[in-house]
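Visitor: Got a structure here, written out as structure tokens. Questions coming.
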Amino acid sequence: MLKARTKLLLVLLLLVVAAPLAATGNDLQKAQPEDVGLSTERLDRLSKHMSSRVEDGTMVGGLAMIARKGKVVYSETWGQRDREAGQPMTMDTIFRIYSMSKPITSVAVMMLYEEGHFFLNDPVAKYIPELADLRVAVSTAGGTAPAVDGTRAAPQPDNVTDVPSGETREALRQPTIRDLLRHTGGFSYGVFGNTEVDQAYRNAGLLFMNPNLEDFVAKLGKIPLQYDPGTRWHYSVATDVLGRLVEVVSGKNFEEFLDERIFTPLAMDDTSFTVPMNKTDRFAVLYAPKGTQESENAFLSRNQSKELVPSGEFANRNFQEGATFQSGGGGLVSTASDYMRFSQMLLNGGALEGQRILSTKSVEHMSRNHLGDIPMGFGRTGTGFGLGFGVVLDVGVAGELGSDGEYNWGGAAGTRFWIDPEEEIIGVFMVQSLPHQTTLGAEFKTLTYQALID
């Protein structure tokens, strides 16, 4: 009996000692760079370069993670997450990921699609009646109603400044769920142009004054479309509409659905719409060029000041406990390790550590170009857009190191990620400055690929 007790105590002691070393939910397998075909010496170039960008004031603080073949081979931090409080950047820092929320929302939609709740080519109004019978602004979509053969007047430029009379016409067709996933629904954002539709978005407080997603779509349904659905790629609030679609179809609050179906299964413990009080010390300060920091105008500013100062209260209020608007297009906060887990799930074909989120075919479908002959916006060449991501079609035309078939996206405060199925590489870059006027994300990507030796 004594020997048995002794053995039991030894086992328990070993478990206690080993506990701090055991993998936690956010731990990912690690490897030396050379084990998966990257050069430690060349990755040192990346570390030195980013350190220099802190020294020259381009960024206050940032971090990066690189994984290849399912293993993290690089994770480094630079600078501070809160310069004024003297807090260094750490790997568990929480960031506003803004539009990197879109791929997560798109995955949620595809999960419901897989369950047979809808078809991607269904009109979204079938599930959200507030968006039924949408009309198109003549000033942006052209004054000629669609003809039988589908011809129509050429759309006007996005920077129209004359306020027109408010004339609208019938749309060529109504926006579908797939239109929303690929940003061809005819919606806008209200902050990247000054068209009649953009002005209507701003006047309605569409981006900053919504108590919930139901109220948001009710406002949106009263504003005309900027373009005929299916005719233009135009970055927009479409992904926020998809968040409401998830609520209507699932019968659950959007964040509740994400928590149950994505965040908990993938152990994305720090990803949410608000930052709990017990985690606020890890929440990075958002910086902006001096002179733009006190209002939402920071989203629009082209101020070229190199002096970065803390942004105003607007940068925090939507992420504080008690905030109620759950923006699937830009409202999530996350950490680099959480987003790496999400990305690795996609690269794995929809599963991570025994938790299947999507089928391999769904991930393949999402990560292919869905634009056809419709050109990609933002002046990008050699690229298209899938269901929630930008997609690289031809790296020779795109002009960046990488691979055909890569899918990616970024956030307004400089965050960026990409997934390269050919090379089995994932890159996650986190920084917090708005408006993001640097090339830090692109520099990180270039310096990652130059370290690839096999």
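Visitor: Just the accessible area per residue of region 330-400, please: how many Å² with a 1.4 Å probe?
Guide: Roughly 37 Å² per residue, with all protein chains present.
Visitor: Counting other Cβ atoms within 10 Å of each Cβ, which trypsin sites (Lys or Arg not before Pro) in region 24-103 have at most 10 and sit in a DSSP loop?
Guide: Listed in order of number, the matching sites amount to none.
Visitor: Right, here's the next one. Once the Cβ-Cβ distance between Glu313 and Glu55 is put in as r, and R0 is 41 Å, what FRET efficiency do you end up with, to the nearest 0.05? Walk me through the numbers before you get to the answer.
Guide: On the way: r = 29 Å, r/R0 = 0.72.
Efficiency at R0 = 41 Å is approximately 0.90.
Visitor: Also, quick follow-up: In whole percent, what relative contact order does region 366-454 give with Cα contacts below 8 Å and a gap of six or more residues?
Guide: Taking the mean separation of contacting Cα pairs over the length of region 366-454, I get 18 percent.
Visitor: Which log10 I(q)/I(0) values does region 26-143 give at q = 0.10, 0.12, 0.18, 0.19 Å⁻¹ under the Debye formula, counting every alpha carbon as one identical point scatterer?
Guide: Treating every Cα as an identical point scatterer, log10 I(q)/I(0) equals -0.61, -0.75, -1.03, -1.10.
Visitor: Still on this structure, I have one more. Considering only protein heavy atoms and a probe of 1.4 Å, how much of the accessible area of the chain is carbon and sulfur, as a whole percent?
Guide: 52 percent
Visitor: How high is the FRET efficiency between Lys361 and Ser305 when r is their beta carbon distance and R₀ equals 51 Å, given to the nearest 0.05?
Guide: E between Lys361 and Ser305, to the nearest 0.05, is 0.60.
Visitor: Calculate the translational D of the chain in whole µm² s⁻¹ from Stokes-Einstein, where the hydrodynamic radius comes from the Kirkwood formula applied to all Cα pairs, the temperature is 37 °C and the viscosity 0.692 mPa s.
Guide: Here the translational diffusion coefficient equals 142 µm²/s.
Visitor: Next up: Given a 1.4 angstrom probe, what's the average accessible area per residue across region 38-95, in square angstrom?
Guide: Numbers: 2490 Å² over 58 residues.
Accessible area per residue: 43 Å².
Visitor: Now for a different question. For the Cα atoms of the chain, what angle does the longest principal axis make with the long axis of helix 336-347, in degrees from 0 to 90, nearest 10?
Guide: Around 70 degrees separate the two axes.
Visitor: If you don't mind, there's one more thing I want to ask. Return a whole-number percent for the relative contact order of region 162-211, with Cα pairs under 8 Å and 6 or more residues apart as the contact set.
Guide: 29 percent
Visitor: For region 88-138, divide the Cα radius of gyration by the Kirkwood radius and give the resulting Rg/Rh value with two decimals.
Guide: Details: Rg = 17.3 Å, Rh = 14.3 Å.
Here Rg/Rh amounts to 1.20.
Visitor: Quote the Stokes-Einstein diffusion coefficient, in whole µm² s⁻¹, for region 320-454, based on the Kirkwood radius over alpha carbon pairs, a temperature of 20 °C and a viscosity of 1.002 mPa s.
Guide: 134 µm²/s
Visitor: OK, next. Return the equivalent ellipsoid semi-axes of region 356-396 as a descending list in whole Å, where each equals the square root of 5 times an eigenvalue of the C-alpha gyration tensor.
Guide: Values: eigenvalues 96, 19, 13 Å².
In descending order, the three semi-axes are 22, 10, 8 Å.
Visitor: With axes computed from alpha carbons, what is the tilt in degrees of helix 101-114 against the longest principal axis of the chain, rounded to the nearest 10 within 0 to 90?
Guide: Result, in degrees: 80.
Visitor: For the pair Ile453 and Ala85, how long in nm is the line joining their label points, each one 7 Å along Cα→Cβ?
Guide: In this crude spin-label approximation the distance works out to 4.1 nm.
Visitor: Can I ask one more? State, to one decimal in nm, how far the label point of Gln199 lies from the label point of Asp215, with both points 7 Å from Cα in the Cβ direction.
Guide: So the label points at Gln199 and Asp215 sit 2.6 nm apart.
Visitor: Could you rank Asp404, Asp228 by how accessible they are, 1.4 Å probe, largest area first?
Guide: On the way: Asp404 80, Asp228 5 Å².
Ranked list, largest accessible area first: Asp404, Asp228.
Visitor: Long-range amide H contacts for Ser311: which residues qualify at under 5 Å (H placed 1.01 Å from N, peptide plane, sequence gap of 5 or more or a different chain)?
Guide: So Ser311 has HN proximity to Leu286, Tyr287, Ala288.
Visitor: First measure r as the distance between the Cβ atoms of Lys222 and Lys69, then evaluate 1/(1 + (r/R0)^6) with R0 = 56 Å and state the FRET efficiency to the nearest 0.05. Spell out each step's value before the answer.
Guide: Working: r = 50 Å, r/R0 = 0.90.
My answer for the efficiency is 0.65.
Visitor: On to the next question. Is the shape of region 380-454 best called rounded, prolate or oblate, per the rule: a/c under 1.5 gives rounded, else a/b larger than b/c gives prolate, else oblate, with a ≥ b ≥ c the square roots of the Cα gyration tensor eigenvalues?
Guide: Oblate.
Visitor: While we're on this one: Does a label point 7 Å from the Cα of Gln32, set along Cα-to-beta-carbon, have any residues of region 60-103 with amide nitrogen under 20 Å, and which are they?
Guide: 66-76
Visitor: Hey, how many Å between the Cα centroid of region 33-66 and the Cα centroid of region 161-215?
Guide: Going from one Cα centre to the other spans 40 Å.
Visitor: Turning to a different aspect of this structure: So for the chain, averaging the separation of alpha carbon pairs under 8 Å that are six or more residues apart and normalising by length, what relative contact order in percent results?
Guide: Across the chain, relative contact order equals 20 percent.
The values are calculated or read from the model by the stated rules, or taken from the named source; none is laboratory data. Keep in mind it's a predicted model, so treat the numbers as computed, not measured. So basically every Cβ, Gly included, is an ideal-geometry build from the backbone, and we count neighbours across all protein chains shown. Surface accessibility is based on the protein's heavy atoms, side chains included, excluding ligands, DNA and RNA. Shrake-Rupley method; radii C 1.70, N 1.55, O 1.52, S 1.80 Å.
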